[in-house]
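Structure record follows, encoded as structure tokens.
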Amino acid sequence: MSRTTVATIHLGALRHNLARIRGLAGDARVMAVVKADAYGHGLERVARALDDEADAFAVAAIADGLRLRAAGHRQRIVVLSGPDTPSDIAEMQRLRLEALVHHDAQLPWLAGADPARGPLRVWLKIDTGMHRLGFAPSHAREVHAMLRAMPAVDGEVGLMTHFASSEVFQGEATVQQMARFREATDGLPGPRALSNSAAVLGWPEARADWVRTGGLLYGLSVVEGASGADFGFRPAMTLTTRLVAINRLARGERVGYNGTYVCPEDMPIGVAAIGYGDGYPRSAATGTPVLVGGVPVSIVGRVSMDLITIDLRNAPSARVGDRVTLWGEGLPVEVVAASAGTIAYDLTCGMTRRVLFVEDDA
Ligand SMILES: *Cc1c(COP(=O)(O)O)cnc(C)c1O
């Protein structure tokens with residue numbers, strides 16, 4: 001096997017990050033969000049690392065809940081988009097998955113559920129401004145009462161909302177969403193869950209009974225200009241490959257598809273075995289940093305399917321075979337994401353099957 005593109009998942013970092021979340025979240029319980037194959041880190045792997053620590057897991061799809069149960073996890077598992085069809089209800093009862101109730105269409109399915117299959121725990125999703133999933137605040141009380149009266153629904157109905165821009169620590173949007181939530185739920189019984197990762201960092205008043213953290217678990221930040229490390233988190237994924245060639249090009253020569261990079265002087269160009277076929281973003285611009293043997297340098301020209309090209313002028317001792325770090329320890333994925341016009345979550349979620357996943361305990 002000659003291709004050596006490796007994503008190393010740091011299990012110790014996952015545990016450190018969950019402990020750090022607890023430090024920030026006060027008494028709130030922590031729902032570890034492991035949707036999208038744990039943001040690309042591997043669902044079973046991450047769940048195993050956090051099994052003793054997470055108060056609940058949150059997934060986007062029932063199939064992921066099934067994978068967690070099959071792996072032996074007995075925690076509470078919340079399905080963040082709820083049942084999508086009437087037949088999902090019995091499956092959720094069988095697997096003891098918790099349903100998110102966000103739309104009128106789901107109510108008759110729940111009302112018709114068979115109580116003999118066991119009580120279904122539900123969370124009522126209220127749309128306080130994201131305008132994606134959720135009931136209008138003016139309907140929250142009515143739906144809450146309906147749910148509590150349903151024979152197959154557990155009497156403790158949770159209350160949930162989701163922030164649209166909690167990574168903006170100043171400004172009105174989140175303040176307004178918190179106020180709408182309070183107004184819609186004031187006096188209702190049941191546990192509250194409002195905060196995503198950015199809210200855990202910037203909106204302590206939104207902690208409530210549960211926080212739902214994804215990004216921070218993996219050491220990822222969506223706060224503009226900041227990486228997880230700036231808040232005391234550690235990257236859970238380091239992506240590496242090897243240098244497979246070093247070419248000495250003359251001033252004026254062009255590099256890569258469409259020749260978008262022109263060498264400003266005679267210079268060494270390194271070639272590393274990774275590309276968009278592995279999930280490295282094709283949109284990464286000339287100047288995006290990488291580490292070669294630990295030395296910071298940058299990519300030049302277009303990212304291709306299997307290879308990237310690197311300006312090695314700042315790494316004169318680089319040799320073919322040297323390790324190249326694309327992101328992770330020593331190079332925040334947030335920096336790479338910004339250079340590719342996206343967010344860190346998008347990059348870690350995008351690893352393809354060609355990447356070899358390994359674990360370490362660090
Ligand atoms: C994905 C998701 C989260 C987690 O968001 P992070 O920013 O990764 O912490 C929380 N709640 C809901 C409803 C989500 O869809």
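Derivation of every value follows stated rules applied to the coordinates shown; laboratory data play no part. Note that the coordinates shown come from a computational prediction; the quantities given were computed from them, not determined experimentally. Here Cβ is always computed from backbone atoms with ideal geometry, including for glycine, and neighbour counts include all displayed protein chains.
Exposure proxy check: C263, C349 ranked by fewest other beta carbons within 10 Å?
Working: C263 19, C349 16.
Least crowded to most crowded, the residues run C349, C263.
How much of the DSSP bridge set in the chain is antiparallel, in percent, rounded to the nearest 5?
Numbers: 30 of 61 bridges.
Antiparallel bridges: around 50 percent, rounded to the nearest 5.
Dividing the alpha-carbon radius of gyration of region 11-220 by 2.2 N^0.38 Å (N being the number of residues), what value is obtained?
On the way: Rg = 16.4 Å, N = 210, 2.2 N^0.38 = 16.8 Å.
The reported ratio for this selection is 0.98.
Pop out the ³J(HN,Hα) list for region 346-362 in order, Karplus 6.51 cos²θ - 1.76 cosθ + 1.60 with θ = phi - 60°, rounded to Hz; leave Gly and Pro as x.
After applying 6.51 cos²θ - 1.76 cosθ + 1.60, I find 4, 6, 5, 6, x, 4, 9, 5, 6, 7, 8, 9, 10, 10, 9, 8, 6 Hz.
If r is the Cβ-Cβ distance from V320 to D114 and R0 is 45 Å, what FRET efficiency results, to the nearest 0.05? Before the final figure, lay out the partial values.
Working: r = 65 Å, r/R0 = 1.44.
After rounding, the FRET efficiency stands at 0.10.
With a sphere of radius 15 Å drawn around the Cβ of G155, what net charge do the other residues whose Cβ falls strictly inside it have (Lys, Arg +1; Asp, Glu -1)? Write down the numbers at each step before the final one.
Numbers: positive: R121, R148; negative: E98, D154, E156.
Local charge sum for G155: -1.
Please list, short to long, the whole-number percent of alpha-carbon pairs of region 21-77 in consecutive 5 angstrom bins beginning at zero.
4, 21, 33, 24, 11, 6, 1
Before anything else, pin down the relative contact order of the chain: Cα pairs under 8 Å, at least 6 apart, normalised by residue count, whole percent. Walk me through the numbers on the way to the answer.
Values: 844 pairs, mean separation 67.1, N = 362.
Contact order relative to length: 19 percent.
For Y39, Y276, Y345, what ranking results if the residue with the fewest other Cβ atoms within 10 Å of its Cβ goes first? Mind showing how you got there, number by number?
Numbers: Y39 24, Y276 18, Y345 21.
Exposure proxy ranking, most exposed first: Y276, Y345, Y39.
Return T286, T5, T352 ranked ascending by Cβ neighbour count within 10 Å, so the fewest neighbours appear first. Please list the in-between numbers first.
On the way: T286 17, T5 24, T352 11.
Starting with the residue having the fewest Cβ neighbours, the order is T352, T286, T5.
Would you mind counting up the charge near L66? Only other residues with Cβ under 10 Å from its Cβ, with Lys and Arg at +1 and Asp and Glu at -1. Don't skip to the answer; put the middle values down first.
On the way: positive: R67, R69, R94; negative: D64, E91.
Spelling it out: positives minus negatives among the neighbours equals +1.
If you average over every viewing direction, what projected area does the convex hull of the Cα atoms of the chain give, in nm²?
Values: hull surface 78.1 nm².
Mean shadow area of the hull around the Cα atoms is 19.5 nm².
Please state the relative contact order of region 237-360 as a whole percent: Cα pairs under 8 Å, 6+ residues apart?
Working: 287 pairs, mean separation 36.2, N = 124.
Normalised by residue count, the contact order of region 237-360 is 29 percent.
If I model a spin label as a point 7 Å beyond the Cα along the Cα-Cβ vector, how far apart are those points for T85 and N247 in nm?
5.1
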